[in-house]
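Here the structure comes first, spelled out in structure tokens, and everything after it is commentary.
The values are calculated or read from the model by the stated rules, or taken from the named source; none is laboratory data. Source: prediction; values computed, not measured. Here Cβ is always computed from backbone atoms with ideal geometry, including for glycine, and neighbour counts include all displayed protein chains.
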Amino acid sequence: MSENKIHTENMFLYYSEKMALNNISITIPEKKVTAFIGPSGCGKSTFLRSLNRMNDLIDGVRIDGKVMIDGVNIYDKNIDVVNLRKKVGMVFQKSNPFAKSIYENVAYGPKINGVNDKSHLDEIVETALKNAAIWEEVKDRLGDSALGLSGGQQQRLCIARTLAVNPEIVLMDEPASALDPLSTAKIEELIVQLKEKYTIVIVTHNMQQAARISDNTAFFYLGELIEHDKTKKIFTNPEKKQTEDYITGRFG
Amino acid sequence: MINSFRKNFKGVAIEGITLFSALLIITIIIVMITVIFIGGKSQLSWEFLTSFPTEGMTKGGIFPAIYGTALLVIIMSIAAVPFGTITAIYLTEYAKESSFIAKTIRFAVRTLAVIPSIIYGLFGLGFFIKFVGTHVDSALYGGTLHWGQPNLLWASLTMALLTLPVVIVSVEEALKTVPQELRAASLALGATKWQTIRKVVLPESVSGIMTGTILAVSRGAGEVAPILFTGAAYYLATLPGLGDQFMVLGYHIYVLTTQSANVDQSLPIQFGTTCVLLMLTFVLNMSAVILRYRIRKKKNN
């Protein structure tokens, strides 16, 4: 494994009194695609959302243990959540473009970070759209509303919007689950390209997807991390019986 | 045979009664509008809208009342809309739904909404004029009467209090139509909460805020009770400033009907004024309805 980007140690997460994540210790390597799989309610999305502290928005969430990114515990008191989220971007399950133009959607992040120079913004927007493999489709209508794009295009626009902030890590919460097969294929292709520059962590319900695009796979079940290894190993020769049962479709 | 006849009869009777009630309401509205328009039609002219009353308000126009109403609702909106919007932002974006303070504010807003408007008038008199106004006078003017009496400012602020619940509730509704996913998207891009509110939530709900404003204005334009003690005037020969009493459409109708030197002679003007007020509130309400319809449509897409 290459350099460690994310590392958690004995991490627990509670919704009020209910334990949602039980003693998660995992190391996620830099510039690889790591997939989280597991049945609904197993905690994989919750865990993903704790990596950029989006769980902070939910009342009654409490976290114990260490969540380290680049060796810094992101739950330390002196951590600025806003800066953390610039470094750890997120793409959501349902594409959620703002009711603004395509250009303004991508420029939103850089603008709130103080980039005002028009030519600089243009450059960031173009690069982000190119990196998200949607530039060719939208370059002639950047001023049009983003809501007029198809579902798959909207999701790639949301990826571009995330990339425009120049994050180091991109978290993806089932980014293709609401898309048709063709759009899904485009997103998958894109994810594989993105790992050259970014550390990608993706939650997916689709095991074939995990097998196709990820380097490492982590299997979650009932709030616990059951197994985490090279994707090939997980899908061909898992250590744990539960993992094998899940990937062979015996439950879940 | 007889039984089924009874059943049928009962069914028809119930349908008939409900239909009759429904028709009655439509009839009342039609009659009311027709009478007002037939009575006021002959009055409606550019001159009526732009000239002062003459000959003891039995002739002439209603310009000062229109002017006063416009100023009243403008100043009222300047006070109520920002304040109401900020309150709504607190309630939807910052307060936790179940927190004591949010519940208390919601309770206060509901209570404000059901207080009879004459009470607002009395409150305005007691608070703005007798308390604030008198203290301003003694502090700034050595006790001579400037602000310690009814005027446009105090009347507008009293009206702002009355319409505040309308603004708060409609802005709150507008803010709630903004999907949580958009807030999450903005925050995940490293925006602060305030940046998210200012650049995503407010732009997405601007038409809802407009709806709230228009509803508040139309409520304010038609109310008379709150301004009875706080600034409405019987007749004025000049246009008012902030510190003056003022004429207003609703009160003007009341004055013409009950206080006029010659009620019969002023009858056409009463109709004309009523017509103008009715059209004003109708247009305002219609634009609120249209805006709200457009928001719903957008939300459903």
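In the range A:150-191, which residue that is of a type in the set (A, V, I, L, M, F, W, C), within 14 Å of chain B (Cβ to nearest Cβ) and not in a strand (DSSP E or B) is nearest to the chain's Cα centre (by Cα)?
Start the filter on the range A:150-191 by keeping residues that are of a type in the set (A, V, I, L, M, F, W, C), which leaves A:157-160, A:163-165, A:169-172, A:176, A:178-179, A:182, A:185, A:187, A:190-191.
Among the residues that remain, those that are also within 14 Å of chain B (Cβ to nearest Cβ) are: A:157-160, A:163-165, A:169-172, A:178.
Pick out the ones that are also not in a strand (DSSP E or B) and you get A:157-160, A:163-165, A:178.
Working: A:Leu157: 15, A:Cys158: 12, A:Ile159: 10, A:Ala160: 13, A:Leu163: 12, A:Ala164: 15, A:Val165: 14, A:Ala178: 15 Å.
Among those residues, the one meeting the criterion is A:Ile159.
Taking the residues in the range B:93-118 that are within 14 Å of another protein chain (Cβ to nearest Cβ) and not aromatic (Phe, Trp, Tyr) as candidates, determine which candidate is nearest to B:Lys176 (Cα to Cα). Before you say what the answer is, go through the steps one by one.
Start the filter on the range B:93-118 by keeping residues that are within 14 Å of another protein chain (Cβ to nearest Cβ), which leaves B:93-99, B:102.
Narrowing the set further to residues that are not aromatic (Phe, Trp, Tyr) leaves B:93, B:95-99, B:102.
On the way: B:Glu93: 9, B:Ala95: 13, B:Lys96: 14, B:Glu97: 12, B:Ser98: 16, B:Ser99: 17, B:Ala102: 15 Å.
Only one residue tops the list, namely B:Glu93.
Determine which single condition A:Phe36 fails, assuming it passes every other condition in (1) at positive phi; (2) at pLDDT 95 or above.
(1)
Would you call B:Gln180 touching a helix residue (DSSP H, G or I) at 6+ places or on another chain (Cβ under 8 Å) and either within 11 Å of chain A (Cβ to nearest Cβ) or over 12 Å from B:Ile295 (Cα atoms) (or both)?
Numbers: touching a helix residue (DSSP H, G or I) at 6+ places or on another chain (Cβ under 8 Å): no; either within 11 Å of chain A (Cβ to nearest Cβ) or over 12 Å from B:Ile295 (Cα atoms) (or both): yes.
Judged against the criteria, B:Gln180 is not a match.
In this structure, does A:Tyr103 turn out to be in contact with a Gly (Cβ under 9 Å, 6 or more places away or on another chain), aromatic (Phe, Trp, Tyr), outside any loop (DSSP other than H, G, I, E, B) and more than 8 Å from chain B (Cβ to nearest Cβ)?
Details: in contact with a Gly (Cβ under 9 Å, 6 or more places away or on another chain): yes; aromatic (Phe, Trp, Tyr): yes; outside any loop (DSSP other than H, G, I, E, B): yes; more than 8 Å from chain B (Cβ to nearest Cβ): yes.
Considered against the rule, which asks whether it is in contact with a Gly (Cβ under 9 Å, 6 or more places away or on another chain), aromatic (Phe, Trp, Tyr), outside any loop (DSSP other than H, G, I, E, B) and more than 8 Å from chain B (Cβ to nearest Cβ), A:Tyr103 comes out as yes.
Being within 14 Å of another protein chain (Cβ to nearest Cβ) and out of contact with any His (no Cβ under 6 Å at 6 or more places or on another chain) is true for just one of A:Leu48, A:Leu142. Which residue is that? Spell out the reasoning first.
On the way: A:Leu142 fails: within 14 Å of another protein chain (Cβ to nearest Cβ).
So the residue among A:Leu48, A:Leu142 that is within 14 Å of another protein chain (Cβ to nearest Cβ) and out of contact with any His (no Cβ under 6 Å at 6 or more places or on another chain) is A:Leu48.
Restricting attention to the range B:266-288, and to residues there that are of a type in the set (S, T, N, Q) and assigned to a helix (DSSP H, G or I), which single residue is surrounded by the most Cβ atoms within 10 Å (Cβ to Cβ)? Let's see the steps before the verdict.
Quick first cut of the range B:266-288, residues of a type in the set (S, T, N, Q) only: B:266, B:270, B:273-274, B:281, B:285, B:287.
Now restrict to residues that are assigned to a helix (DSSP H, G or I): B:270, B:273-274, B:281, B:285, B:287.
On the way: B:Gln270: 22, B:Thr273: 26, B:Thr274: 23, B:Thr281: 18, B:Asn285: 16, B:Ser287: 16.
Filtering the range B:266-288 for residues that are of a type in the set (S, T, N, Q) and assigned to a helix (DSSP H, G or I), the one surrounded by the most Cβ atoms within 10 Å (Cβ to Cβ) comes out as B:Thr273.
Take A:Ile102 and decide whether it is buried (at least 18 other Cβ atoms within 10 Å of the Cβ) and free of Cβ contacts under 8 Å to residues at least 60 places away in the same chain. Let's see the steps before the verdict.
Values: buried (at least 18 other Cβ atoms within 10 Å of the Cβ): yes; free of Cβ contacts under 8 Å to residues at least 60 places away in the same chain: yes.
Answer is yes for this residue.
Looking only at the range B:214-234, which residues are part of a loop (DSSP other than H, G, I, E, B) and more than 16 Å from B:Leu161 (Cβ to Cβ)?
The first filter runs over the range B:214-234 and keeps only residues part of a loop (DSSP other than H, G, I, E, B), leaving B:223-224, B:229-231, B:233-234.
B:Ala233, B:Tyr234, listed by residue number.
Results for (1) within 19 Å of B:Val255 (Cα to Cα); (2) part of a helix (DSSP H, G or I), shown as yes or no for each residue.
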position: B:Arg6; (1), (2): no, yes
position: B:Gly11; (1), (2): no, yes
position: B:Phe20; (1), (2): no, yes
position: B:Ile25; (1), (2): no, yes
position: B:Gly56; (1), (2): yes, no
position: B:Ile66; (1), (2): yes, yes
position: B:Ala80; (1), (2): no, yes
position: B:Thr85; (1), (2): no, yes
position: B:Leu91; (1), (2): no, yes
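For residues that are in contact with a Gly (Cβ under 6 Å, 6 or more places away or on another chain) and free of Cβ contacts under 8 Å to residues at least 60 places away in the same chain, scanning just the range B:51-71, find the one that is farthest from B:Leu267 (Cα to Cα).
Of everything passing the filter in the range B:51-71, B:Ser51 is farthest from B:Leu267 (Cα to Cα).
What tally of residues in the range B:114-168 results from selecting those that are assigned to a helix (DSSP H, G or I), polar (S, T, N, Q) and surrounded by fewer than 22 Cβ atoms within 10 Å (Cβ to Cβ)? Break it down stepwise before answering.
Here is the first cut: in the range B:114-168, the residues assigned to a helix (DSSP H, G or I) are B:114, B:117-140, B:152-168.
Within this subset, residues satisfying the condition of being polar (S, T, N, Q) are B:117, B:134, B:138, B:156, B:158, B:163.
After this cut, where a residue has to be surrounded by fewer than 22 Cβ atoms within 10 Å (Cβ to Cβ) as well, the list is B:117, B:134, B:138.
The qualifying residues number 3.
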